[in-house]
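Notes follow the structure.
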Amino acid sequence: MGKRLYTDKVLFFTIVALVTFGLVMVYSASAIIAVQGKYDVDPNYFFLHQLGWAVLSFLVLMLMKRIDYRAFNTPAWAFGSIGVVLVMLMAAFVMDSSKHRWLNLGVGRLQPSEFAKPALVLFLAFFLSRRIRAVNNMRFTLAGCGLVLGFVAFLVSVADLGTAVVLVAATVLTFFVAGLDRKYMVRAIPLAALLLVAGIAAKPYRVGRVIVMVDPDHAILNKIDPNGWILTYVRSSGAPPDPAYQAQQAKIAIGSGGLFGLGLMDGKQKLFYVPEPQTDFIFAVIGEEFGLLGSSAVLLGFFVVLWRGYRTFLVAPDDFGRYIALGVTTMVVFQALFNLSVVTGLGPTKGIPLPMISYGGSSLLATLLSFGMLLSVSERSN
């Protein structure tokens, strides 16, 4: 008889709770604007779409947790998954000529950048499990991995700089845990900073968001650029004249929620004040309707994911499983913290969803696919 597998029930039901709560909040945030806003659709439109994606995503999660994760420890899966994502990213660049983000499948749309996360986790786990004793070898380890990461991050950053930052941050932490020499990390900081600045400068609206964050009254900017060339560049994007508007409305929503919130469906800022409240700024709706206690419960959910994911990393039976657990957990939790920092005004506005809660089928599918791999490792650990 084969060894009996035990599901990490704490992690599994935390995932179920977060996704279920996300469905409730998508309905609360979108029901009115769906009818009265620019969409002019049924009030259940966004909820039903998200519900459909949730069902599909849970089926994928159950399939992935059932498959022994060691079956993915092959060059075909490691390089094939990265290759498929790269093809999807390039196809989106061509097919979506305005935003370069979406692949239209007729029955729905996919955002390829979301699937770069599980693909990169698989690649890193495969790569490091074979090169763990030579993780500081520049020629055979760092150069090869850096080339793959750089190419993926570049294609993702064309339309989605936030996701590119998540990919790079998770990769850096994974290499750090694997034993990367500190000198390489110190040397990489200036290059990473330069590439980040270049990514921001490539899009006028990104520059505008950073300016609003660090110099809202333009006191420093006027000294650096007295001719106003930078502001002219920012305005050329056609973005809203006040890049801080969405973040300001989000903070008003969170502040008005108080300790206990105004109650489910009773939030006011989602009514055409916070743009697209069902997507990247859904945490503002949570803060207004459930208050500090409800917001803290969401944070607790991601803390549980962090705890159980890193616990799996510690008890996994092999290096491949360890780095799958580390990569998946870091990707999801770092993205959640990134989103929360934007909504609460601690970082510049950036379109990045709150995992398992924000409206978005690609994000939900990619996240639960990743959790399926994590649960597969957990079930086969001591």
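Numbers for the structure displayed
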quantity: Local electrostatic count at ASP266 - Lys and Arg +1, Asp and Glu -1, tallied over other residues with Cβ under 12 Å; calculated: 0
quantity: Helix-only [θ]222 nm of the chain, DSSP H runs n ≥ 4, -39500 (n - 2.57) each, per residue, nearest 500; calculated: -23000 deg cm²/dmol
quantity: Rounded if a/c under 1.5, otherwise prolate or oblate - the range 72-202, Cα gyration tensor axes; calculated: oblate
quantity: Gain in span if fully extended, VAL177 to PHE13, counting 0.36 nm per residue against the direct Cα distance; calculated: 56.3 nm
quantity: In nm, spacing of pseudo-spin labels at LEU346 and PHE154 (7 Å Cα→C-beta vector); calculated: 3.3 nm
quantity: GNM top mover of MET62, MET331, MET185 - the chain, alpha-carbon springs below 10 Å; calculated: MET185
quantity: For a label point 7 Å along the Cα-to-beta-carbon line of ASN44, residues of the range 9-27 with backbone N under 14 Å; calculated: 27
quantity: Estimated distance in nm for a label pair at THR20 and LEU314, the labels positioned 7 Å out from Cα along Cα-to-Cβ; calculated: 2.9 nm
quantity: Linear extension gain, ARG130 paired with GLN36, 0.36 nm per residue minus alpha-carbon span; calculated: 28.3 nm
quantity: Residue-by-residue Karplus 3J(HN,Hα) for the range 337-346, coefficients 6.51, -1.76, 1.60, Hz, glycine and proline x; calculated: 5, 4, 4, 5, 5, 5, 5, 8, x, 8
quantity: GNM result for the chain, Cα springs below 10 Å: residue of ARG139, ARG109, ARG130 fluctuating most strongly; calculated: ARG139
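Bear in mind that the values in this text are calculations on the coordinates, not laboratory data. Every value quoted in this text rests on a predicted model; they were computed, and no experiment measured them. Using ideal geometry, Cβ is built from the backbone for each residue, glycine included, and neighbour counts are taken over all protein chains shown.
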